[in-house]
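To start, the structure under review is shown below, and the notes come after it.
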Amino acid sequence: MSNTTIKRATLEHLDPLVELFDAYRVWYRKESNKEAGKAFLKKRIEQNESVIFLAFYLDEAVGFTQLYPLFSSTRMKRIWLLNDLFVSENARGKGISKLLLNAAKDHTRQTGACALTLETEKSNDIGNALYPNQDFILKESHNFYEWERNW
């Protein structure tokens, strides 16, 4: 981990970020599409619609996390949604996910947000072991529902 640095992604990091983002999407069983991924990420960065932290191990981009802002009406505060977390296969087991989660937690504190929230598939054994180990609490009292628009 001492050879790892975490940086907030800017447009200058777009090319290595796109490679990781595409691998992440493929891991979630989506078709590879680097061109669309680049346009998507470029827009998020340019319009300040998300916060992306990028992990570099020995100066190579090896992981990222992407946060989106939400708000809680009941708490009357901002919440950050940790929507994406990915570490390349060759860099796993080095604690990089923990460093990215710590960067997200620090950002949550620095922005005065009340929480950092995430969801992951029940089949994500790695994530489901990692998050409780990093002080995330599984909210079993809540149901997560989604309405998906049919194109």
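Observations on the model:
- Residue that is in a loop (DSSP other than H, G, I, E, B), surrounded by 10 or more Cβ atoms within 10 Å (Cβ to Cβ) and at pLDDT 95 or above, where the choices are Ala113, Ala104: Ala113
- Pairs linking a residue in region 81-98 that is farther than 28 Å from Glu49 by Cβ to a residue that is of a type in the set (A, V, I, L, M), with Cβ atoms under 7 Å and 6 or more positions apart or on different chains, are Lys94/Met1; Gly95/Met1.
- Check on Ala61, touching a Phe, Trp or Tyr at 6+ places or on another chain (Cβ under 8 Å) and either in a strand (DSSP E or B) or modelled with pLDDT of 90 or more (or both): no
- Residue within region 65-74 that is surrounded by fewer than 17 Cβ atoms within 10 Å (Cβ to Cβ) and more than 26 Å from Asn133 (Cα to Cα) present: yes
- Region 43-58 - residue that is part of a helix (DSSP H, G or I) and in contact (Cβ under 8 Å) with a residue 12 or more places away in the chain and, of those, farthest from Lys105 (Cα to Cα): Glu46
- Here region 16-43 is the region considered, the condition is being among the acidic types (Asp, Glu) and over 16 Å from Phe86 (Cβ atoms), and the residue that is surrounded by the most Cβ atoms within 10 Å (Cβ to Cβ) is Glu35.
- Tabulated pairs, region 123-151, first under 18 Å from Glu89 (Cα atoms), second among the hydrophobic types (A, V, I, L, M, F, W, C), C-beta under 8 angstrom, 6+ apart or interchain: Gly127/Leu85; Leu130/Leu101
- Per-region count, region 64-75, residues small (Gly, Ala, Ser) and not in a strand (DSSP E or B): 1
- Of all residues in region 42-81, those that are more than 19 Å from Phe21 (Cβ to Cβ) and of a type in the set (Lys, Arg) total 3.
- Among residues of region 1-15 being of a type in the set (A, V, I, L, M) and within 14 Å of the chain's Cα centre (by Cα), the one that is surrounded by the most Cβ atoms within 10 Å (Cβ to Cβ) is Ala9.
- Identity of the residue in region 76-94, modelled with pLDDT of 95 or more and in a loop (DSSP other than H, G, I, E, B), that ends up surrounded by the most Cβ atoms within 10 Å (Cβ to Cβ): Ser88
- Region 114-144, residues that are among the small types (Gly, Ala, Ser) and in contact with a helix residue (DSSP H, G or I) (Cβ under 8 Å, 6 or more places away or on another chain): Ala115
- Just one residue in the set Phe144, Phe40 is more than 15 Å from Ile6 (Cα to Cα), of a type in the set (Phe, Trp, Tyr) and assigned to a loop (DSSP other than H, G, I, E, B); that residue is Phe144.
The values are calculated or read from the model by the stated rules, or taken from the named source; none is laboratory data. Only a predicted model underlies this, so the values are computations on that prediction, with no experimental measurement involved. Here the Cβ is made from the backbone with ideal geometry for all residues, glycine too, and neighbour counts use every protein chain on show.
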